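Undergrad: What follows is a single structure, and I will ask about it in a moment.
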Amino acid sequence: MRGRYCVLFEQNGQRSKFITNCYNLKDVLDQAREAENNGQKIFPVENVIVKRRSLGDGKSAYYFEE
């Protein structure tokens, strides 16, 4: 599980989480965390959808859609 991120989310009032090692999601989350560390208010984020794009061979890429 090294290098993976645990993403906490709330949907319809119910809290849940998922674990990801997706570069795209981790990169966006790293940028958001850096902005927060520099004083910009990012979290919590509302109305963001995580989408999956198939890459073939049983692999997928995930990305945020607003």
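Undergrad: Please work out which one of (1) at negative phi; (2) part of a loop (DSSP other than H, G, I, E, B) is the condition Arg33 fails and give its number.
TA: (2)
Undergrad: Let me ask another. Name every residue in segment 19-30 that is without any contact (Cβ under 8 Å) to a residue 24 or more places away in the chain and part of a loop (DSSP other than H, G, I, E, B), in order of residue number.
TA: Asn21
Undergrad: If you don't mind, another one. Mind checking which pairs have a first residue in segment 38-50 that is closer than 19 Å to Ile19 by Cβ and in a loop (DSSP other than H, G, I, E, B) and a second that is open to solvent by 100 Å² or more (accessible area, probe 1.4 Å) and among the charged types (D, E, K, R), Cβ under 7 Å, 6 or more apart or different chains?
TA: Listed pairs, sorted by first residue: Val48/Glu66.
Undergrad: Here is a further query. Across segment 51-61, what is the total count of residues that are open to solvent by 80 Å² or more (accessible area, probe 1.4 Å) and either part of a strand (DSSP E or B) or under 16 Å from Arg4 (Cα atoms) (or both)?
TA: Within segment 51-61, the first condition is being open to solvent by 80 Å² or more (accessible area, probe 1.4 Å), and the residues that meet it are 52-55, 57-59.
Then keep just the ones that are either part of a strand (DSSP E or B) or under 16 Å from Arg4 (Cα atoms) (or both); that gives 52-55, 59.
Final tally of qualifying residues: 5.
The values are calculated or read from the model by the stated rules, or taken from the named source; none is laboratory data. Note that this is a predicted model, so its numbers are computed, not measured. Cβ atoms come from the backbone with ideal geometry, glycine included; neighbour counts cover every protein chain shown. Just so you know, the surface numbers come from the protein's heavy atoms only, side chains and all, with ligands and any DNA or RNA stripped out. Shrake-Rupley method; radii C 1.70, N 1.55, O 1.52, S 1.80 Å.
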